[in-house]
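What follows is calculated from the coordinates using simple rules that are stated; it is not laboratory data. Predicted model, so just to flag it, every value in this text is computed and none were measured. No Cβ is skipped: glycine too gets one built from the backbone with ideal geometry, and neighbour counts run over all protein chains shown.
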Amino acid sequence: MRVLMFLLAASFLSAAQAEPTIEDYGALPEIQNMAISPNGELVAYRNVTSNRDVIVVVSLQKAAVVTAIDVSLIKPRDVFFINNERVLLRAAEHRRVRGFKGRFDVSTLFSLDIDSGKIKQLLVPGDGVVYPGQTGLGQVVGNSPDGKYLFMPAFYGEPQLVMGEYAAPVYSLLRVPPGPGKPRRIKSGSSATIDYFVDDSGEPIVMEEFDESHNLHSVYALQEDGWEEIYQNEGLLRDRGFVGLTPDRKHLVVLDTSDETGRTAYFTLSLSSGDISDPLYDRDDADIASVVVDMQRVVQGLQYSGLMPTYKFFDESVDQRVKDIQALFPGHSVKIVDHSPDWKHILILMEGPQSSGEYYLFSEGSEPEYIGARRPNIGSADVNPVGTVTFLARDGLRIPTIITIPKENISDLKNLPAVIMPHGGPASYDEVGFNYRAQALASKGYLVIMPQFRGSSGLGSSHQTAGYGEWGRKMQDDLSDAVRFFEEKGIIDPDRVCIVGGSYGGYAALAGGAFSPKLFKCVVSINGIGDLERFRNWVRAERGRASEALAYWEMQIGRDDYSPEDARARSPEFAADNYLAPVLLIHSKSDEIVPISQSERMYRALERAGKEVEFIQLDGDDHYLSFGETRTQALKATLRFIEENL
């Protein structure tokens, strides 16, 4: 196996270094967002350290850096090639927008010319008729065959006067040069337009709409006589996802729940007739988590859910190659992070029980190449083992669970201190991989337990919908049952258990302290919710009374019978008197998903009740703790707090 030494020197040296520090766990991965050029000759990646943030482009043949550009002011979150000469950088910045109140996460796209090293921002809000009051300008739905243009949707034009008030212009499709030149509108949508799909020349052939005021989800296709509606469904929420095109571009690929298996399956929608097929790919043991698409959004394969990802590709030779690659790393998660258009070059990320994350390149006719380590200061010997177990909740529901085991205790799992760590979402799921928070906790001797409680996605529609309306109820029981399961096995010490979570997991941590006060010895909530009704009202004010977002949260919190009184009864803020365990509240000041006021009010409620509580505000970070400095700050505070209380 070939090794690219210029990337790996640090990881080889790490074997002789001291054990990882908390800063090593909390820091962003040093190498991330890796991509491969269409010809397979270049890789690009983001290199992040404490004093620099750089996009690096490397020639694989020469084993030399072609260009390195400081992107500290951009902080890109996605990197990909449009051709062999240009790299695209998708970034987001939390800032004010002129003419609008408050601050917003404004995403945009940058184009990097590899030869000159020049960076150009594409679709600058307020530049010309690019509407300033929009936050999402980083989406690409296709590119021209010659690579001279990108096709990008945006609100484009002058504000519209509607019933005496100015509103955003319609969502249009633009042809955007990644180099010199100005964008040009090629299709105007409507006030309800949310997406576009294009043919192989970049001409729009599908337009998707969702009219929140009338709860109508529609798809329009370009026919010989013009645009015609081929799909319409009425509902508060979109129940089908239109995620790509079939290779012949005669059908849209649809993800929907299968009536036979209850799993997310693959269907197609005919662009000529509007007919929806029977499920064409439908497993009874996994949902389709996402699709693998090319730059034109043509679907080439499927990624399935599970504690470790699996794939299905329509090209049998590609499908077999991916299976062979995954077989080289048993027990580890192997994710395809990029590939050349012809699939001759496949770039993967491997992480799991013996790896903190490593990139490999598999090229046809060549030996695999070890490209680099995501976290060179955390070697394989430092990684704490990760395993899985399934237990039965009190009502018989199966709860798959990931555990991270302190490596010193792998042969003696008895009476360990433990941390229950519910994930966010709640419609998400954990995977076997390198979880920085779980690994940091395990390095201090704590068994970390991550139950995939009801309400989690990836385990079938019945498992997910079983969580609707069960916040603070059965979803919370699943976490309590996890504690009892490991206690009965003698694995954990019931007198040394804390609960730590972020987002929904932060709510679950607070609910654990409020509604199971004797079970946990400390509670850590990161960007969590304390008052469900106030959160619901905030979503309504931010997104609108008729918004899909509001309908989603009402369904999550209260199913079909949401009421303010019931939400209050399940809100930890109003059960502050119940707490026995000390509480640490951590919240990002710039959180746009859960406002910091949730933790501020929770803090005041616990203080008034005379409870032990601490509140830490993270300045300059977001809901997901996207920045290394503040993420490390939160991790240090969490570990210190748990050590003080266990």
Under the classification rounded if a/c is under 1.5, otherwise prolate if a/b is larger than b/c and oblate if not, where does region 142-232 fall, given a ≥ b ≥ c as square roots of the Cα gyration tensor eigenvalues?
oblate
What is the sum of charges around ARG184, taking Lys and Arg as +1, Asp and Glu as -1, for the other residues whose C-beta is under 14 Å from the C-beta of ARG184?
+3
Percentage relative contact order, the chain, counting C-alpha pairs under 8 Å, at least six apart
9
Would you mind ranking ARG534, ARG394 by Cβ crowding within 10 Å, fewest neighbours first?
ARG394, ARG534
Provide the percentage of antiparallel DSSP beta bridges, counting only those with both residues in the chain; round to the nearest 5.
80
Determine ³J(HN,Hα), in whole Hz, for all residues of region 521-527 in sequence, where each value follows from phi through the Karplus function 6.51 cos²θ - 1.76 cosθ + 1.60 and θ = phi - 60°; x replaces Gly and Pro.
8, 7, 10, 10, 10, 10, 6
How high is the relative contact order of region 275-378, given as a whole-number percent (alpha carbon pairs under 8 Å, six or more residues apart)?
13
Run the numbers for GLU316 and SER191: contour at 0.36 nm per residue of separation, minus the present Cα-Cα distance, in nm.
40.8 nm
Give me the percent relative contact order of region 172-272, please, defined on Cα pairs under 8 angstrom at least 6 residues apart.
14
For peptides 219-226, 549-556, 596-603, sequence by mean Cβ density within 10 Å, most packed first
596-603, 549-556, 219-226
How big is the chain by Rg and Dmax over its Cα atoms, in Å?
24.9, 72
CD proxy at 222 nm, helix term only [per DSSP H run n ≥ 4: -39500 (n - 2.57); per residue of the chain; nearest 500]
-6000 deg cm²/dmol
Under 5 Å between amide H atoms, partner at least 5 residues away or on a different chain: which partners does LEU416 have, H built in plane at 1.01 Å?
ILE492, ASP493
Please arrange ILE557, ILE526, ILE119 by counting, for each residue, the other beta carbons lying within 10 Å of its beta carbon, fewest first.
ILE119, ILE557, ILE526
Using the Karplus curve 6.51 cos²θ - 1.76 cosθ + 1.60 with θ = phi - 60°, work out ³J(HN,Hα) for each residue of region 473-480 in order, rounded to whole Hz, and write x for Gly and Pro.
10, 5, 4, 6, 4, 4, 5, 5
Rg/Rh for region 384-645: what does it come to with C-alpha atoms and Rh from Kirkwood?
0.94
Starting at the first residue of region 442-458, write each ³J(HN,Hα) from the Karplus equation 6.51 cos²θ - 1.76 cosθ + 1.60 with θ = phi - 60°, in whole Hz, x for Gly and Pro.
5, 5, 9, x, 9, 6, 9, 10, 10, x, 8, 4, 4, x, 5, 8, x
Violating pairs (Cα-Cα greater than 29 angstrom) within the set LYS62/LYS118; LYS75/LYS312; LYS75/LYS148; LYS148/LYS312; LYS62/LYS120; LYS182/LYS589:
LYS75/LYS312; LYS148/LYS312; LYS182/LYS589
Could I have the simple spin-label model distance between LYS148 and GLU85, label points 7 Å from Cα toward Cβ, reported in nm to one decimal?
1.1
By the mean-Cβ-within-10 Å protection proxy, highest first, 179-189, 612-622 rank as 612-622, 179-189
Amide H to amide H under 5 Å from ILE194: which residues, 5+ apart in sequence or cross-chain, H placed 1.01 Å off N in plane?
GLU208, GLU209, PHE210
Formal net charge of residues neighbouring ILE529 (Cβ-Cβ distance under 12 Å; K, R +1; D, E -1):
0
Considering the dipole of the chain built from charges on the beta carbon (Lys and Arg +1, Asp and Glu -1) around the Cα centre, which of GLY244, SER428, ALA289 is farthest to its positive end?
SER428
